[in-house]
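The values are calculated or read from the model by the stated rules, or taken from the named source; none is laboratory data. This is a predicted model, so every value here is computed, not measured. Don't worry about glycine lacking a Cβ; one is built from the backbone with ideal geometry, like all the others, and counts go over all protein chains shown. Areas reflect the complete protein model, heavy atoms only, side chains present, ligands, DNA and RNA absent. Shrake-Rupley method; radii C 1.70, N 1.55, O 1.52, S 1.80 Å.
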Amino acid sequence: MDAGAGEALDEEGIPHIVVVEDDDVLRDKLVAPSLRDFGFRVSAVGTARELDGVLDRDEPDIVVLDVGLPDGDGFSIAERLYAQSRIGIVILSGRHTQADRLRGLSNGADAYLAKPVVMHELAATLRNLMRRLRPPSRPGPSVPSAAPTWRLDNQGWCLVAPSGVSVALKAHERAMLRALLHAPGEPVSRETLITAMGGDEQFDPHRIEVLVYRLRSKVARHVGLVLPLSAVRGSGYVFTM
């Protein structure tokens, strides 16, 4: 079980999420590693007592909280966290009647999601909540704005479409898009993309084709727009903004 102790200094500033879930497989094999892929710092615990241990050492940004814990009631824990801290609260539960949802939100939860969990939805919920918990600094004097375009936001962990709709990214998607958006309109070689994603000479170049296909599909599904990412024969890929 990962209690999130001893985090490296280079993770400072990365949103810290505590996942409180007594299902070991769901917690340690799906939710925690997937959230790490989406760029969060994650502490994963299985009981209310272990949550208190994390809170004694640190104040996380958000707690993802199951309702049915072996040593506590998630509704009561949410109410206590809401009363005693500024921590964001997301309830993730198999109990999803209207009465359960209303109780959770009334007890202070910022969001109430139903199991089985859709990781893209959970990551997007956490990103949206982080925008409220850490609002951007007040802008300076207004200047004429450029036409909306594709961009990275939230320390590069979300792709924002011209429509303003954002898509949470996994680590390899983030690395690939950062390299492409660094040279908009210019072909970026497969070798450059492989290096950006931490690969080496053993990296299968065909994996990039699969990654691009999946990224296009995800953007189309969540944003409803075509991602302007195209292959350039013999050169690599180009992002045309």
Listed by first then second residue, the pairs whose first member lies in region 205-220 and is open to solvent by 70 Å² or more (accessible area, probe 1.4 Å), whose partner is outside any helix (DSSP H, G or I), with beta carbons under 7 Å and at least 6 positions apart or on separate chains, are Arg216/Leu227; Arg216/Leu229
The residue that is most open to solvent (accessible area, probe 1.4 Å), considering only those in region 167-204 that are touching a residue at least 24 places away in the same chain (Cβ under 8 Å) and polar (S, T, N, Q), is Thr192
Residue pairs qualifying under the 9 Å Cβ cut-off, at least six apart or on distinct chains, with the first in region 101-121 being of a type outside the set (A, V, I, L, M) and the second being open to solvent by 30 Å² or more (accessible area, probe 1.4 Å) and assigned to a strand (DSSP E or B), are Arg101/Ala114
